[in-house]
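Below you'll find the structure, written out as C-alpha cells, and then a few comments.
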C-alpha cells in the first residue's frame, strides 16, 4: 500500500495521509505490453491512470491515416485526470512503446469515494490546475515565438512528460512530420529548425528520434 501511495505522491497528488491511503486502496496494478493500447480515441472514460514504469504515447490519426504523436508519458505521468471528472470520451489513444506498469483507479470508485472524502476531489482539482497552468504557459510562449523557439518549447514540453525517470539526455521517439503537425508548420520548416538546434549542439537527430543533448539550454531558449 505504501508503494502505491508513494507513486501517487510522485505523480503530484497533494493529499492528507488518510486520503492518500484511500486513493491507493482504490487502485489496482495493470500492465500494458509494448505496442498494445491502454485505450483508443473515442472510448468512454472509465479510469484514471498513474504510470509506475515504462513509457506510453498519446496518439491520434491524421486524415491521411498516419499516426500523430502528441506526447509521451514516463514514470509519474498521469493519464485521464480530466476525464475521470467529466466522463468525456477519450480525446486520443494511448499506446505503450515499452512494457509499462500502471496504477488504475476506476472512475465510479473514485467519484463514490470523493463524495465522502472531499480531499480527494480537491487534490485532483489541484493537480489539474497545475497541469493546465503549465500547458497555458507553454502555449502562450509558443504562439509568439519563431519556429525554432516554438520547437524548443515543444521538445521541452515533451521531455517534461517523460517523468522523473527520464535520463539527462532524453531521447524522444518522434518523427519530423509529427513535430511539424504539432507546430502547424511544414516538415521542411521543422527540419530547418531541428538542424539549427543540432548545429548549436542542443539536439542530436536520429532516425525517428530527437535526443535532447542540452535540455537546460533548450529550456532557456523557451523562456527567452
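The table for this structure:
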| quantity | calculated |
| --- | --- |
| Footprinting exposure proxy for 199, 83 (fewest neighbouring C-beta atoms within 10 Å first) | 199, 83 |
| Cα-Cα separations in region 145-223 greater than 14 Å, expressed as whole percent | 56 |
| Helix-only mean residue ellipticity at 222 nm for the chain, each DSSP H run of n ≥ 4 adding -39500 (n - 2.57), per residue, nearest 500 | -14500 deg cm²/dmol |
| Per-peptide average of other Cβ atoms within 10 Å, ordering 12-22, 95-105 highest first | 95-105, 12-22 |
| Ranked packing of 176-183, 28-35, 147-154, most packed first, by mean Cβ within 10 Å | 147-154, 176-183, 28-35 |
| Answer label for Rg and Dmax of the Cα atoms in Å (calculated), chosen among (1) 17.2, 61; (2) 18.1, 57; (3) 19.9, 70 | (2) |
| Per residue, the convex hull volume that the Cα atoms of region 2-131 enclose (Å³) | 94 |
| For region 170-224 versus region 1-60, the gap between their alpha-carbon centres in whole angstrom | 29 |
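None of the figures in this text is laboratory data; all of them are computed from the coordinates on show. Computed from a predicted model, the values in this text were never measured in an experiment. No Cβ is skipped: glycine too gets one built from the backbone with ideal geometry, and neighbour counts run over all protein chains shown.
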